[in-house]
Amino acid sequence: MTTKDKYKKVAYYPGCALEGTGHAYNRSTKAVGKALGLDLVEVKNWNCCGAMEVKNIDPKIQTYLSSRVMSVAANEMGMDVVMAPCNGCYHNLKKAEYDLKNDPSSVDVVGKLSDKAGHQAYKSGQVETIHALDWIKGAIGEEGLKERIKNSLAGIKIANYYGCMYTRPRHIFPEKDQGPGSESTSKPHFMDDLLAAAGAENVDFPLKTACCGGAHTMSDSDTSTRLVLNILKAAKMAGADVIATECPTCHSGLEMHQIRAEKRLGEKVDIKILYFTQLIGMALGLKPKKVGVHENVSDSMSFLKEKGLA
Amino acid sequence: MPIHEKSLIRPENLKTHDQLVIDGVDVSGHWSTFIESRVVSDYNEALEAEIASLPGGEHIHRCWQCGSCTNSCTVNAINPDFNPRYWIYLIRMGMESELLRDKDIIWQCVSCNKCTYACPRDVFPEGVMKATAHWLERKGHTAKSPSMHFDEVFAEQVLKTGRIEESRTIRRFFARTKQGLFQDWMVEMVKGLLRGLPVGLLTRMGLATLIAPRTSNWSKASAAIQEYIDEQHTKQEEAMSLAQLIDTARRDAAA
Ligand code: SF4
Ligand code: SF4
Ligand code: SF4
Ligand code: SF4
C-alpha cells in the first residue's frame, strides 16, 4: 500500500490540549481533513499521553499511558496509523514506540500495567505514529495541495515554528534525516513545503526549533516570556507577518507570552500567530470561522481581511 | 559563543592585596590577583550512583565532558550559571557541596532536549537534570520547586481521570504555590479569548471546569499506576540510602 492510501484513513488522537486551549487546532485539523477528503477516526475512549509532566514523576508511566492509546487504535479499532497533531502527544507516542522497541524493562512494565488495567498490551510496530504534517504531506502532497488551492496565500510572509518536541530527541524519530523526501531534525521543512504549495512566502527563520520554555510556562513564567520574546523578535526581524505553528502548546505559549511580554516587559511585537492548518484551510477556501480563527487569543482578523482571506 | 566559566571561581577565592611585598617585589593592586586553590574534603562517593538510581540519571557514567550540552542549552543562553556539563562533572566526582551551590537553579531546565540532541555519548543530560532536581528535593536540600508542584498536580489529575482539563490543572497549581489566579496577563489572555468565542464553546468550557473529562473504565489503570509509582519510590529510597537513614534515625529516637 502506498503512503497516500495508508494515510487516507487514520486513527485521530486529539489529546487533551485540543479540547481546551488548542480547540482552534482541533477544529481546523478536522476541517482541512474534510476539505481534502481524508478520514479521521477518533481513538475510542482515549487517555492523556502524559504530556511533559508525568515523565518527571516516572518515565515508564508515560510510556504506559502513551502505549494504551496505541493499543486501543491497534487492538480495538484495527487501525495501523495514529495521527497526533499535538507535538507533545506525537513525541510521547514516538517515545513509547522507541522504548518498547529498545528497552525490555519498558516492555515488562507496560505488559504488567496493561494486564492490571484489563486491556491488551501494545507491541512495538503495531501502529505507525505520524504528525498532522506527515499526514497532509503523505496523503495529499504538495502537488495535490496546489491543485486544490482556491485562495492563494501569496503575499503572506511566514516564519515556520516547529518547537522542540517535533524533532528532539532525534533518537525517537528513526524515519527523519533519511535523505531526500524525509524530514530533517535540524532544519525541519514539512510545514514550509505545505505552506509554499499554498502560495505563501517562507522567510529564512533561524529559530524554527528553538524552545519556548513551555515546560515552565506556569512555574517559571519569566524565563518562558524571555524565550518567547526571542522567537517573536527573530521572526519579525526575518520579515515575517505570521508565525505558523503546528502544536497547541507552542501556539498558546507564543500567544500567552506575547501578551505577558507586553504587560511585564513593555515589549510589544506585532506578529500574527496562526496554526498551519488554519492557513491551509483558508487557502482551500474555508472561512476563518470554519478554521477557528475566532478561537485564537491573538486577533488576526483585520490582517486576514487585508490579505483577502476573510 | 564561548561559554563563560568564570563564574566557576568563587568570588571569595579571588585575592588581591592593597599592600603586599613578596621577596622585595611589590605585588599590590588587582593586576596581581591570586586565585586561592580550593580544597574539597567532603566527597560523597555514592553521589553518582544515587543520581543514576533516579529516572533519567541512568546514563550519567557515559559523559566525557565535551561540553556540547552546555553549549547548546536554552537556559544557559540566558543564565551562564546554568551549566549541565559542570554539574555532571561534580556529580561524577562526588563533589556534593559544590553541586549544592547551584541547587536553586537546577530545576529550571526547560526539557528542550537540545543537550540530548547534541550529546555524542547519549548521556541524555535532560534526564540527568530531572534526576538531580529530584535528588535535591528528596534529600531535603531544596523545597519542592514550582515545577515539581506542577508535575504533581498534573500527574494527579491524569491518574484520577485519565485526562487533563487545563483550567482545573492551572487553578490547582496556583493554589498549591499560593499565587493569585488573577494576574494582569492572565486577565488579558482571557479577554482575548472572550473576544471571538461563540456562546456554545464558552458553555462547553464552563461545563468542562465542572465536569472534568474522563476516560471511562479508568479506575483499574489508575490503581495499577499508583501501585507502580509506590514500588519505584521505595526502590529509589533504598538506592539513595534514605531508607537506611530513616531506619537509623528511628532507632536513635527509640534508644
Ligand atoms: S501532550 Fe498535551 S495534549 Fe497531548 S495528551 Fe498529553 S496533555 Fe494531552
Ligand atoms: S517549543 Fe515550547 S511548547 Fe513547543 S515543544 Fe518546545 S517547549 Fe514545548
Ligand atoms: S554533551 Fe554529553 S558527553 Fe558532552 S559533556 Fe554533555 S553530557 Fe557529557
Ligand atoms: S533540556 Fe535542559 S539542560 Fe538540556 S539543553 Fe534544554 S534546558 Fe538545557
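The values are calculated or read from the model by the stated rules, or taken from the named source; none is laboratory data. In this text the structure is predicted, and so the values were computed from the model without any measurement. Note that we place each Cβ from the backbone using ideal geometry, even for glycine, and neighbour counts take in every protein chain shown. Note: areas computed on protein heavy atoms with side chains; ligands, DNA, RNA excluded. Shrake-Rupley method; radii C 1.70, N 1.55, O 1.52, S 1.80 Å.
For the set B:LEU54, B:LEU20, solvent exposure ranked by accessible area (probe 1.4 Å, protein chains only) runs largest to smallest as B:LEU20, B:LEU54.
For segment B:79-87, backbone phi angles converted through the Karplus equation (6.51, -1.76, 1.60; θ = phi - 60°) give residue-by-residue couplings of 8, x, 6, 7, 9, x, 4, 5, 5 Hz, Gly and Pro being listed as x.
Within chain A, the percentage of alpha carbon pairs spaced more than 35 angstrom apart rounds to 17%. Which residue fluctuates most in the GNM of chain A (Cα springs below 10 Å): A:ASN26, A:ASN102, A:ASN296? So, out of A:ASN26, A:ASN102, A:ASN296, the one fluctuating most is A:ASN102. Taking amide H as placed 1.01 Å from N in the peptide plane, A:GLU128 has its amide H under 5 Å from the amide H of A:VAL81, A:VAL82, each at least 5 places away in sequence or on another chain.
Rolling a 1.4 angstrom probe over the protein heavy atoms, how many square angstrom per residue are accessible across segment B:43-143?
36 Å²
Taking Cα centre as origin and charging only the Cβ of basic (Lys, Arg, +1) and acidic (Asp, Glu, -1) residues, the dipole magnitude of segment A:151-306 rounds to 220 debye. Apply the Debye scattering formula to segment A:151-306, with a single equal point scatterer on each alpha-carbon and no solvent, then give log10 I(q)/I(0) at q = 0.19 Å⁻¹. Result of the Debye calculation: -1.22. For the set A:LYS137, A:LYS157, B:LYS160, the ranking by accessible area, highest first and with no ligand, DNA or RNA atoms included, is B:LYS160, A:LYS157, A:LYS137 under a 1.4 Å probe. With a 1.4 Å probe rolled over the protein heavy atoms of all chains, the accessible area of A:MET237, A:MET301, A:MET70 falls in the order A:MET237, A:MET301, A:MET70, largest first. Averaged over the residues of A:40-51, the number of partner chain Cβ atoms lying within 10 Å of the residue Cβ comes to 4.
Remark on B:HIS17: its backbone amide H falls under 5 Å from those of B:GLY29, a criterion applied only to residues 5 or more positions apart or on other chains, H modelled at 1.01 Å from N.
Remind me, relative contact order of segment A:3-130 in percent, using alpha carbon pairs under 8 angstrom and six or more residues apart?
28 percent
Legend: distances between Cα atoms for A:LYS233/A:LYS287; A:LYS9/B:LYS130; A:LYS94/A:LYS116; A:LYS9/A:LYS101; A:LYS6/A:LYS146; pairs beyond 32 Å are A:LYS9/B:LYS130.
Computed on segment A:151-306, with alpha-carbon pairs under 8 angstrom and 6+ residues apart, the relative contact order is 26 percent. Only helices enter this figure: runs of n ≥ 4 DSSP H residues, each worth -39500 (n - 2.57), summed and divided by the residues of chain A, yield -13000 deg cm²/dmol at 222 nm to the nearest 500. Highest average first, the peptides A:195-201, A:150-156 ordered by how many other beta carbon atoms sit within 10 Å of their residues are A:195-201, A:150-156. Rounded to the nearest Hz, the phi-derived 3J(HN,Hα) couplings of segment B:37-49 under the Karplus curve 6.51 cos²θ - 1.76 cosθ + 1.60 (θ = phi - 60°) are 5, 9, 10, 10, 10, 10, 5, 10, 5, 8, 3, 4, 5, where x marks glycine and proline. Amide H contacts for A:ASN202 (H built 1.01 Å from N in the peptide plane; partners 5 or more residues away or on another chain; cut-off under 5 Å): A:ILE158. Between B:GLN19 and A:GLN120, the distance separating the two model label sites (each 7 Å from Cα on the Cα→Cβ line) works out to 8.9 nm. Karplus-based coupling profile of segment B:24-32, in residue order and whole Hz: x, 9, 7, 10, 6, x, 6, 5, 10, with θ = phi - 60° in 6.51 cos²θ - 1.76 cosθ + 1.60 and x standing for Gly or Pro. For chain A, the longest principal axis of the Cα atoms and the long axis of helix A:221-237 meet at an angle of about 50 degrees. Normalised per residue, the accessible area of chain A is 35 Å², obtained with a 1.4 Å probe and no contribution from ligands, DNA or RNA.
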